[in-house]
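A.B. asks: Below you'll find the structure I mean.
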Amino acid sequence: MSILKKAIRHSFIIPLLACSIFFASAQKPVATEYRVKAVFLFNFTQFVSWAPSSFISAQAPFVIGILGENPFDSYLEDVVSGEKVNGHPLVVHHYKNIEEIKTCHILFINKAGINNPEEISASIKGKNILTVSDAAGFLKQASVIRFITKDNKIRIQINLEAAKEADLTISSKLLRIAEIIH
């Protein structure tokens, strides 16, 4: 085979390979909404304080949990990769049901995965967990923070009573951008 034919063949294969990689990664894109929510979840670690007793040791990981279906794909893991909160490495755990949760600091409860909000509420009551959801009506039952969409922008609502019950301190900087629900 001539050098010219090899060059043409390789110049055709490289773009084809690049296109197949692009289409393979494009097959399961994370919605922009959940990319924004992932960044919010990470930022909550900077504006909420947990009791020192919520960590079993100074090196214990800071756990962000996802209950139910994972709408973030691997994007949340990418966002927190290599990050630390007060010396605690950030990790993401996925839970199929509430019974699997042993240690968790932020728990995202997906609106698609909520079947029994009363059970979730009872199970996490009194635990030092920042519960976050995008489910309508869940803020009043078990969630400290709820994502809402207004004017095509993601906003947050905060239930201060639920935060107090979970022994969480929320920074005034976060409270300024939130709608407070009583």
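The values are calculated or read from the model by the stated rules, or taken from the named source; none is laboratory data. Remember, it's a predicted structure, so these values are computed and weren't measured experimentally. Cβ sites come from the backbone with ideal geometry, for glycine too, and all protein chains shown count toward neighbours.
A.B. asks: Do the conditions hold for residue 115, that is, is it at positive phi and either out of contact with any helix residue (DSSP H, G or I) (no Cβ under 7 Å at 6 or more places or on another chain) or at pLDDT below 85 (or both)? Spell out the reasoning first.
C.D. replies: Numbers: at positive phi: no; either out of contact with any helix residue (DSSP H, G or I) (no Cβ under 7 Å at 6 or more places or on another chain) or at pLDDT below 85 (or both): yes.
Answer is no for this residue.
A.B. asks: Checking the conditions here, which among 87, 126 is in contact with a helix residue (DSSP H, G or I) (Cβ under 9 Å, 6 or more places away or on another chain) and at positive phi? If you could, list the steps in order and put the result at the bottom.
C.D. replies: Numbers: 87 fails: in contact with a helix residue (DSSP H, G or I) (Cβ under 9 Å, 6 or more places away or on another chain).
Going through 87, 126 in turn, just one is in contact with a helix residue (DSSP H, G or I) (Cβ under 9 Å, 6 or more places away or on another chain) and at positive phi: 126.
A.B. asks: Can you work out which of the residues in the stretch 26-58 that are closer than 30 Å to residue 175 by Cβ and part of a loop (DSSP other than H, G, I, E, B) is modelled with the highest pLDDT?
C.D. replies: Step one: list which residues in the stretch 26-58 are closer than 30 Å to residue 175 by Cβ, which gives 30-56, 58.
Imposing the further condition that a residue be part of a loop (DSSP other than H, G, I, E, B) reduces the set to 30-31, 50-51, 55-56, 58.
On the way: 30: 66, 31: 84, 50: 95, 51: 89, 55: 92, 56: 91, 58: 88.
Filtering the stretch 26-58 for residues that are closer than 30 Å to residue 175 by Cβ and part of a loop (DSSP other than H, G, I, E, B), the one modelled with the highest pLDDT comes out as 50.
A.B. asks: Give just the number: which of (1) out of contact with any Ser or Thr (no Cβ under 9 Å at 6 or more places or on another chain); (2) assigned to a loop (DSSP other than H, G, I, E, B); (3) at pLDDT 90 or above does residue 128 not satisfy?
C.D. replies: (1)
A.B. asks: Right, here's the next one. Can you find even one residue in the stretch 137-144 that is aliphatic (A, V, I, L, M), more than 14 Å from residue 49 (Cα to Cα) and at pLDDT 95 or above? Spell out how you get there, then give the answer.
C.D. replies: To start, the set of residues in the stretch 137-144 that are aliphatic (A, V, I, L, M) comprises 139, 142, 144.
Of the ones still in play, those that are also more than 14 Å from residue 49 (Cα to Cα) are 139, 142.
Now restrict to residues that are at pLDDT 95 or above: none.
No, because not a single residue in the stretch 137-144 is aliphatic (A, V, I, L, M), more than 14 Å from residue 49 (Cα to Cα) and at pLDDT 95 or above.
A.B. asks: Still on this structure, please answer the following. Need the failing condition index for residue 23 against (1) aromatic (Phe, Trp, Tyr); (2) surrounded by 17 or more Cβ atoms within 10 Å (Cβ to Cβ); (3) modelled with pLDDT under 95, just the number.
C.D. replies: (2)
A.B. asks: So is residue 134 more than 18 Å from residue 39 (Cα to Cα), surrounded by 15 or more Cβ atoms within 10 Å (Cβ to Cβ) and in contact (Cβ under 8 Å) with a residue 60 or more places away in the chain or not? If you could, list the steps in order and put the result at the bottom.
C.D. replies: Numbers: more than 18 Å from residue 39 (Cα to Cα): no; surrounded by 15 or more Cβ atoms within 10 Å (Cβ to Cβ): yes; in contact (Cβ under 8 Å) with a residue 60 or more places away in the chain: yes.
So residue 134 fails the test.
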